[in-house]
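Visitor: Here you go, one structure.
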Amino acid sequence: MNLSLGFPEGDPERLLTRGAGVESAVARFEQWMGEDDSPVRCVRRLPPNPGEYVPLPETLAPALRRALEQRGIAQLYTHQAEAFRRALEGANVVVVTPTASGKTLCYNLPVLQELLEHPEARAMYLFPTKALAEDQLHEFQQMVDTLGSEVRAFTYDGDTPQDARKAIRERANVVLTNPDMLHSGILPHHTRWAKVFEKLRYFVIDELHYSRGVYGSHVANVIRRLKRICEFYGSSPQFICSTATIANPLELAEALTGLPFQLVDRNGAPSGEKYFVFYNPPVVNRQLGIRRSYLNETRRIALEFIRRDQQTLVFANNRLATEVLVTYLKDALDRMPAGREAVRGYRGGYLPRERRDIERKLRDGEIRAVVATNALELGVDIGSLDVVVMAGYPGAIASTWQRAGRAGRRRTASLAVLVASSAPLDQYMIEHPDYFFGQSPEHAQINPDNLEILVNHLRCAAFELPVRDGERFGPHDTRDLCRFLEEAGFLHHSAGAWHWTSDTYPADAISLRAVSSDNFVVVDVTGDPVVIAEVDFPSALTTLHEKAIYLHEARQYQVERFDYEARKAFVRRVECDYFTDAIDYTQVKVLEEFDSTPVSGARAVHGDVRVNRQIVGFKKVKFYTLENVGAGNLSMPEQEMHTTAFWLHFPESFLGRFPQLTPTEKHSGLVGMANALRTVASLLLMCDPRDLGVAITEDISGGLKTFEPDLYLYDSYPGGVGLSAPLHAMTGRLLRGAAELLAACGCEAGCPSCVGPVGEVGERGKYAASLILAEILSGDQHTAPPAQGS
């Protein structure tokens with residue numbers, strides 16, 4: 001099919017008119033949708049919202065009122081006024097409204113009001129990234145300049161010059177920082193911050209929804225430490241949180257802080273017309289369920305917008321997909337007047353200076369497109385974009401809306417295009433648009449009481465202040481935990497308190513972003529050695545192994561040496577037409593069962609497991625065609641992890657009910673069933689499918705090898721972050737959802753959209769998975785399998 005979106009040609013002024021190109025593209029997508037076998041599954045128009053306004057509050061300080069009026073703000077959105085009123089009443093407030101709805105004023109107004117009335121007061125703002133803190137400082141400073149006030153605000157993060165840090169601690173009324181810096185650079189040195197903690201009146205947490213999973217569990221413990229230090233200095237700050245739309249903002253704010261909150265969720269902000277297109281790449285082999293590459297389709301769609309001068313943001317779901325798309329787009333633009341530099345990549349591994357430069361050029365219109373990971377999902381000011389193209393479903397409804405919200409602002413039409421991959425979750429969403437648009441966003445889950453995370457932060461807390469006898473850390477009695485740390489050589493009990501005695505600096509050894517804090521540095525040795533990137537520990541094992549092709553800004557580097565001990569990878573520039581993809585092997589062993597439920601002759605279990613994972617090889621994958629053009633073996637260090645899991649145990653007696661299946665076909669059916677279960681589990685929980693690991697392990701009983709397999713869905717983070725217990729509680733919904741997924745898929749014998757490709761699950765994998773699911777559900781809600789596909 002020829003892809004031409006039919007943008008207006010000719011008059012350049014028309015191209016520059018916001019919304020003109022967007023509306024033309026939407027018309028073309030709607031035309032496609034009426035064609036046979038159309039890849040366009042849905043075109044949804046979201047009407048403009050005029051907004052709801054109220055006069056500036058009577059309680060607003062006169063100077064603040066004048067400053068707002070000078071900036072053209074003569075009235076507030078209803079949610080801004082409500083947040084201001086509740087904050088002045090002394091409540092902890094959580095504001096939940098969409099992207100670009102003016103949430104910043106919800107916390108800036110009460111903070112500035114307090115600082116005007118009490119100039120000695122202090123406030124601290126917490127943003128998930130340094131980029132967002134810099135962006136919000138600019139916004140705050142503009143308001144202060146308009147006020148003509150002496151209020152002093154500064155960012156304090158890893159990029160802050162050493163000679164400026166003392167002045168910030170002494171003079172700042174408002175400190176803008178991130179959880180990592182609060183954790184390792186502020187709380188452990190609280191004596192230097194005494195002036196701030198003694199007068200701390202407000203504590204603001206922006207982008208609250210970002211604090212979920214492992215990261216959110218860490219942040220909750222950092223807040224426990226913050227509150228403990230504030231209590232020591234005699235302050236009790238009021239919290240104001242803002243978040244994009246999630247299902248449980250109140251619950252999340254209270255879980256993170258341990259305090260009661262009031263919810264402000266009625267959005268009063270205006271919004272422009274927005275169009276949402278669901279695009280499913282065409283099927284090229286119906287029998288095998290194979291579709292065109294979603295990355296190639298994303299490239300084609302994005303190129304059409306870039307050609308027509310529509311400023312475009314492309315989201316990819318991982319580092320590799322980001323770099324592959326940057327490569328594709330730069331190659332295509334080589335043959336156009338705009339040139340390669342019109343497209344840039346943007347992800348976490350880039351150095352800070354590089355990211356700031358990209359943000360500025362996107363804002364100023366110097367670059368036409370950026371391919372980004374979720375690093376640009378947050379509210380960094382990148383100007384008003386025309387189009388967002390998403391390469392793959394982000395894994396959560398809330399994240400999808402957040403990404404789509406980066407296009408358009410309050411008055412102009414904008415377009416978001418979701419291009420589905422072949423992953424089952426993508427296919428479910430793209431083929432069920434009513435589910436997406438009718439469903440409330442997911443719940444954000446955290447588990448701050450994860451033992452590994454909790455103990456690590458108790459170590460940090462003890463370093464900061466002695467832990468008094470009977471003192472609680474969050475809801476926990478600390479006595480037994482402190483005894484454990486004493487045995488490990490970290491604490492000593494004296495004079496009614498536990499004191500830190502180790503020479504180590506605990507915060508340095510704890511990363512908030514992962515369980516392991518060891519990042520790998522990527523060193524380019526093509527010329528003089530230079531550091532070009534930093535990669536987190538889990539990703540390093542799959543992307544920086546020897547002979548890997550490491551991609552950075554569409555440039556290819558081959559890894560020449562992987563120094564595991566020194567946490568360094570040495571790379572050299574190469575020109576090649578392929579990238580590499582690692583192959584791993586996983587083994588799971590049960591340590592303890594917490595709960596077990598019989599399910600039609602099988603068992604559903606929740607408990608502790610040990611997971612051993614090793615990278616054993618890699619594939620060479622050709623750009624564009626995605627052909628497998630080679631492979632290699634690796635011998636990487638094995639990684640061991642204790643975590644929690646939900647699993648299904650299948651006794652021999654249960655599997656004996658399927659005489660029509662060979663042992664190999666039974667195993668293939670379980671592999672396919674596992675793929676479907678992970679898809680449904682990620683829908684039921686607010687998690688990326690990658691947050692759940694999958695493994696099938698045979699049970700060896702009584703010294704005789706019998707085929708009694710266990711199908712595991714395990715939490716991908718050490719200690720677990722609370723994903724497996726809810727899965728056990730939802731066993732019935734999980735199994736029914738998997739059966740429905742298989743029944744709804746139109747492939748004959750299996751495809752990437754249900755149980756996995758035939759090459760992975762075999763010719764009868766889908767049939768076997770359907771039989772097993774129907775049998776296990778027979779005691780609950782029988783789901784008949786489809787006709788035999790062999």
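The values are calculated or read from the model by the stated rules, or taken from the named source; none is laboratory data. This structure is a prediction, so every number in the text was calculated from the model and none was measured. Note: ideal-geometry Cβ built from the backbone for every residue, glycine included; neighbour counts use all protein chains shown. Just so you know, the surface numbers come from the protein's heavy atoms only, side chains and all, with ligands and any DNA or RNA stripped out. Shrake-Rupley method; radii C 1.70, N 1.55, O 1.52, S 1.80 Å.
Visitor: At 1.4 Å probe size, with no ligands or nucleic acids counted, give the accessible surface of T706 in Å², nearest ten.
Guide: Ignoring ligands and nucleic acids, T706 comes out at about 30 Å².
Visitor: Counting only protein chains, not ligands or nucleic acids, how are D715, D331, D145, D135 ordered by accessible area (probe 1.4 Å), most first?
Guide: Heavy-atom accessible area, descending, gives D145, D331, D135, D715.
Visitor: Something else now. Could you compute how much accessible surface Y53 exposes when probed at 1.4 Å, giving the result in Å² to the nearest 10?
Guide: Estimated to the nearest 10 Å², Y53 gives 80 Å².
Visitor: Note down the magnitude of the dipole of the stretch 166-223 about its Cα centre, charges +1 on Lys and Arg C-beta and -1 on Asp and Glu C-beta and zero elsewhere, to the nearest 20 debye.
Guide: Dipole of the stretch 166-223, to the nearest 20 debye: 300 debye.
Visitor: Suppose every K and R has +1 on its Cβ and every D and E has -1 on its Cβ; what is the size of the dipole of the stretch 140-242 about the Cα centre, in Debye to the nearest 20?
Guide: The calculation lands at about 460 debye.
Visitor: Of all the accessible heavy-atom surface of the chain, with the other protein chains kept in place and a 1.4 Å probe, what percent is carbon and sulfur?
Guide: The C+S portion of the solvent-accessible surface of the chain is 48 percent.
Visitor: Then there's this: At what distance in angstrom do the alpha carbon centres of the stretch 463-489 and the stretch 385-406 lie from each other?
Guide: If we compute the Cα centre of each part, the gap is 43 Å.
Visitor: With every protein chain left in place, what is the accessible area per residue of the chain in square angstrom, probe 1.4 Å?
Guide: Per-residue accessible area for the chain comes out at 40 Å².
Visitor: Could you order T177, T543 by accessible surface area, starting with the largest, using a probe radius of 1.4 Å?
Guide: On the way: T177 0, T543 25 Å².
From most exposed to least exposed: T543, T177.
Visitor: Using helices alone, what [θ] at 222 nm do you get for the chain, with -39,500 (n - 2.57) per DSSP H run of 4 or more residues, divided over all residues and rounded to the nearest 500?
Guide: Theoretical 222 nm ellipticity from helices: -10500 deg cm²/dmol.
Visitor: Still on this structure: Is the stretch 436-548 rounded, prolate or oblate when judged by the Cα gyration tensor, a ≥ b ≥ c being the square roots of its eigenvalues, rounded requiring a/c under 1.5 and prolate requiring a/b larger than b/c? Write out the running numbers ahead of the final one.
Guide: Working: a/c = 3.51, a/b = 1.46, b/c = 2.41.
Taking the square roots of the gyration eigenvalues as a ≥ b ≥ c, the stretch 436-548 is oblate.
Visitor: Sorting R86, R483 by accessible area (1.4 Å probe), largest first, what list results?
Guide: Listed by decreasing accessible area, they come as R483, R86.
Visitor: Next up: What net charge do the residues around K622 carry, taking every other residue with its C-beta under 13 Å from that of K622, with Lys and Arg at +1 and Asp and Glu at -1?
Guide: Result for the neighbourhood of K622: -1.
Visitor: In the stretch 110-165, if every C-alpha pair distance is counted and binned at 10 Å from zero, what percent goes to each bin?
Guide: Taking every Cα pair in the stretch 110-165, the percentages come to 21, 50, 28, 1.
Visitor: Hey, another quick one. Which of the pairs K166/K361; K568/K622; K361/K622; K166/K199; K330/K620 have their Cα atoms more than 23 Å apart in this structure?
Guide: Working: K166/K361 32 Å; K568/K622 27 Å; K361/K622 31 Å; K166/K199 17 Å; K330/K620 21 Å.
Over 23 Å Cα-Cα: K166/K361; K568/K622; K361/K622.
Visitor: How big is the gap, in Å, between the Cα center of the stretch 229-276 and the Cα center of the stretch 649-693?
Guide: Result: 39 Å between the Cα centres.
Visitor: With the dipole of the stretch 99-145 worked out from charges on the C-beta (+1 for Lys and Arg, -1 for Asp and Glu) around the Cα centre, which of T104, P119, M143 lies farthest toward the positive end?
Guide: Selected residue: T104.
Visitor: Next question, about the same structure. Might you work out the accessible area of V521 for me, using a 1.4 Å probe with all protein chains in place, and round it to the nearest 10 Å²?
Guide: 40 Å²
Visitor: Quick one: if the Förster radius is 41 Å, what FRET efficiency do R561 and H492 give, using the C-beta to C-beta distance and rounding to 0.05?
Guide: 0.45
Visitor: Taking the alpha-carbon set of the chain, what are its Rg and Dmax in Å?
Guide: According to the Cα coordinates of the chain, Rg and Dmax are 27.3, 83 Å.
Visitor: For the stretch 492-610, what D do you get in µm² per second when you plug the Kirkwood radius from alpha-carbon pairs into Stokes-Einstein at 4 °C and 1.567 mPa s? Walk me through the numbers before you get to the answer.
Guide: Details: Rh = 18.4 Å.
The diffusion coefficient I find is 70 µm²/s.
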